[in-house]
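To start, the structure itself, in structure tokens.
The values are calculated or read from the model by the stated rules, or taken from the named source; none is laboratory data. All of these numbers come straight from a predicted model, not from anything done at the bench. As a convention, Cβ positions derive from the backbone with ideal geometry for all residues, glycine included, and neighbour counts pool all protein chains shown.
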């Protein structure tokens, strides 16, 4: 299995937009979101990930096939954090094969920062994924807070990736 994780090209915006529809379809059973009159979920600020210099989009491929995306920016909820994983999606076919772990670890290590990952309460699988990854790779250099304010309600993982521990 050949895995590729890289920054998404400007010309790949539509591919990420298409993957975003799959992501939002999966998410709709958790948050109750409906499609619009065109049969789409949409994502208003998606182009900002190619325009705003502090926002980034990454794509995942497995054996040259589209397999997911990661969106990051600098809009954090906890003071002291500097980067955030805003959206994280692995196509169902490629889940539980190590792709998500590799993508998160690659991006968070490639760009050392005080990262923040917010997880909705209704998604226990995501919470377990992030807890396991962070405890394994960055043991002792992370915190978990539960926020309940206007900006966010739910768990927020904070992890400092400036020094990465070797994998076990």
Given (1) at pLDDT 95 or above; (2) under 19 Å from residue 157 (Cβ atoms), number of the condition residue 21 does not satisfy
(2)
The number of residues in segment 103-117 that are surrounded by fewer than 21 Cβ atoms within 10 Å (Cβ to Cβ) and either assigned to a loop (DSSP other than H, G, I, E, B) or in contact (Cβ under 8 Å) with a residue 24 or more places away in the chain (or both) is 7
Residue, nearest to the chain's Cα centre (by Cα), within segment 118-149, restricted to residues that are buried (at least 17 other Cβ atoms within 10 Å of the Cβ) and assigned to a strand (DSSP E or B)
118
What about residue 43, is it buried (at least 16 other Cβ atoms within 10 Å of the Cβ), at pLDDT below 95 and within 24 Å of residue 4 (Cβ to Cβ)?
yes
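Rundown of residues vs (1) within 14 Å of residue 88 (Cα to Cα); (2) loosely packed, with under 12 Cβ neighbours inside 10 Å; (3) within 16 Å of the chain's Cα centre (by Cα); (4) modelled with pLDDT under 95, yes/no style:
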{"residue": "30", "(1), (2), (3), (4)": "no, no, no, yes"}
{"residue": "47", "(1), (2), (3), (4)": "no, no, no, no"}
{"residue": "53", "(1), (2), (3), (4)": "no, yes, no, no"}
{"residue": "73", "(1), (2), (3), (4)": "yes, no, yes, no"}
Go through segment 2-17 and give me each residue that's assigned to a helix (DSSP H, G or I) and exposed (fewer than 14 other Cβ atoms within 10 Å of the Cβ).
10, 11, 14
Tell me, yes or no, whether segment 64-82 has at least one residue that is free of Cβ contacts under 8 Å to residues at least 12 places away in the same chain and touching a strand residue (DSSP E or B) at 6+ places or on another chain (Cβ under 8 Å).
yes
Of all residues in segment 35-68, how many are in a strand (DSSP E or B) and touching a helix residue (DSSP H, G or I) at 6+ places or on another chain (Cβ under 7 Å)?
9
